[in-house]
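Student: Right, I'll just put the structure down here and ask away after.
The values are calculated or read from the model by the stated rules, or taken from the named source; none is laboratory data. It should be emphasised that the depicted structure is a prediction, and the values quoted were computed from it without experimental measurement. No Cβ is skipped: glycine too gets one built from the backbone with ideal geometry, and neighbour counts run over all protein chains shown. Just the protein is used for accessible areas: all its heavy atoms, side chains included, with ligands, DNA and RNA removed. Shrake-Rupley method; radii C 1.70, N 1.55, O 1.52, S 1.80 Å.
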Amino acid sequence: MLKPEVEDGEQSLADPQFRADVLAGLERRPRAIPARWFYDRRGSELFEDITSVPEYYPTRTETAMLEHVCAEVAEVAGRGRAVVEFGSGSSLKTPLLLRCTDPSAYVPIDISGDFLRESSLTLAEAFPGLPVLPFEADFMRPLTLPRAVADTPKLGFFPGSTIGNMIPLMAVDLLRTMRASLGEGAMLLIGMDRIKDEATLVAAYDDAGGVTAAFNRNLLDRINRELAGTIPVDAFAHEARWNDDRARIEMHLVATRDVAFTVDGRPFAIAEGESIHTENSHKYGSRDARILLRSGGWTPIREWTDPDGLFGLYLAEA
Ligand code: AVI
């Protein structure tokens with residue numbers, strides 16, 4: 001997804017889907033740009049930084065949980081499955097799972113080939129003898145997995161509560177797609193962040209050090225870089241809001257003054273106080289998570305949470 005920077009006046013070389021999503025998103029009301037566009041190189045680095053800020057509990061909580069529940073996952077799922085990780089990214093939680101499930105192969109799937117290649121090499125070194133079969137693909141679409149694992153039962157792995165970044169309708173679609181991609185007899189280990197008090201949730205998405213704010217505003221920098229935009233980034237404030245009706249944290253970029261700018265030559269005006277909605281992060285209680293899984297064609301068979309009930313891990317079977 002990395003694209004060269006564009007000089008003023010040069011024709012933009014950006015991803016056509018990025019251009020289409022940004023222009024349509026700025027045009028519509030309320031204005032909204034899909035969160036997937038956060039993740040250029042800088043955005044991916046900033047996300048890695050977020051995972052270690054004190055307020056952002058999901059990553060460290062889920063990682064600690066994995067260490068504890070892994071043996072039980074192995075017991076229920078059985079050894080020798082092919083572990084298929086959806087959106088493997090930098091795969092930091094993966095070794096924890098691979099160590100105890102004794103897989104026959106590891107198939108990391110990611111849309112970003114750069115990340116995928118780097119993390120696959122690291123894992124292959126850490127697990128000599130384990131076939132690591134990186135698969136550059138968009139896991140939102142049905143996939144035919146590598147032939148080497150065609151006849152092996154799969155254990156899908158979808159940590160990080162990434163499912164929460166989709167509206168429930170899309171989340172259900174994705175679960176169904178995963179079921180189809182993983183095939184007969186598959187199991188799925190999935191992480192979902194839980195509903196909790198508003199202050200903890202808002203702080204996790206608006207840390208005092210401003211890392212999440214930088215992550216959010218990097219989207220505007222990216223638009224300026226790749227779509228010849230003239231957005232005055234300093235005129236937008238990061239805001240994290242808890243939407244109780246929809247059980248989700250929303251991230252917004254709110255104009256702190258009236259602004260006018262162009263993107264790809266198209267003019268836009270945003271009034272003070274108006275926002276661009278940039279991300280949803282849905283939270284699921286235990287029942288909600290089980291209903292979601294069942295709606296997506298999966299039967300939940302085990303679930304775990306941490307001592308503070310912050311995060312949920314679910315093991316389900318197809
Ligand atoms: C990737 N995803 C699960 C993160 C989340 O918590 O929704 C993205 C994120 N956005 C702001 N902080 C983290």
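Student: Name the pairs: first residue in segment 296-308 and under 14 Å from Gly285 (Cβ atoms), second residue assigned to a loop (DSSP other than H, G, I, E, B), Cβ to Cβ under 8 Å, at least 6 apart or on different chains?
Tutor: As it stands, the answer is Thr305/Arg194, since those pairs meet every condition given.
Student: Moving to a separate point now. Please note which strands (runs of 3 or more DSSP E) are completely contained in segment 217-318 and include at least 1 residues that are touching a Gly at 6+ places or on another chain (Cβ under 6 Å), away from the ligand (no atom under 15 Å from the Cβ) and closer than 29 Å to Leu182 by Cβ.
Tutor: 299-305
Student: Given the options Arg81, Arg31, Arg42, name the one that is within 30 Å of Asp151 (Cβ to Cβ), surrounded by 14 or more Cβ atoms within 10 Å (Cβ to Cβ) and in contact (Cβ under 8 Å) with a residue 24 or more places away in the chain.
Tutor: Values: Arg31 fails: within 30 Å of Asp151 (Cβ to Cβ); Arg42 fails: within 30 Å of Asp151 (Cβ to Cβ).
Matching residue, one of Arg81, Arg31, Arg42: Arg81.
Student: Of all the helices (runs of 4 or more DSSP H) wholly in segment 106-216, which have at least 1 residues that are closer than 20 Å to Gly87 by Cα? Don't jump to the end; show me each part of the working.
Tutor: Details: elements: 113-126, 168-182, 198-204.
Answer list for segment 106-216: 113-126, 168-182.
Student: Can you give me the number of residues within segment 60-78 that are within 16 Å of the ligand (Cβ to nearest atom) and open to solvent by 30 Å² or more (accessible area, probe 1.4 Å)?
Tutor: Within segment 60-78, residues that are within 16 Å of the ligand (Cβ to nearest atom) and open to solvent by 30 Å² or more (accessible area, probe 1.4 Å) number 2.
Student: While we're on this one: Among the numbered conditions (1) of a type in the set (Lys, Arg); (2) touching a helix residue (DSSP H, G or I) at 6+ places or on another chain (Cβ under 9 Å); (3) away from the ligand (no atom under 14 Å from the Cβ), tell me where Arg36 comes up short.
Tutor: Of everything listed in (1) of a type in the set (Lys, Arg); (2) touching a helix residue (DSSP H, G or I) at 6+ places or on another chain (Cβ under 9 Å); (3) away from the ligand (no atom under 14 Å from the Cβ), Arg36 misses just condition (3).
Student: For segment 188-205, does any single residue satisfy the condition of being surrounded by 15 or more Cβ atoms within 10 Å (Cβ to Cβ), over 30 Å from Val254 (Cα atoms) and among the aromatic types (Phe, Trp, Tyr)?
Tutor: no
Student: Phe127 - would you say it is surrounded by 14 or more Cβ atoms within 10 Å (Cβ to Cβ) and within 21 Å of the chain's Cα centre (by Cα)? Give the derivation first.
Tutor: On the way: surrounded by 14 or more Cβ atoms within 10 Å (Cβ to Cβ): yes; within 21 Å of the chain's Cα centre (by Cα): no.
Against the criterion (surrounded by 14 or more Cβ atoms within 10 Å (Cβ to Cβ) and within 21 Å of the chain's Cα centre (by Cα)), Phe127 does not qualify.
Table: residues versus (1) over 30 Å from Asn216 (Cα atoms); (2) under 12 Å from the mean Cα position of the chain (by Cα).
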| position | (1), (2) |
| --- | --- |
| Trp37 | no, yes |
| Phe47 | no, yes |
| Val53 | no, no |
| Ala64 | no, no |
| Ala71 | yes, no |
| Val76 | yes, no |
| Arg81 | yes, no |
| Phe86 | no, yes |
| Lys93 | no, no |
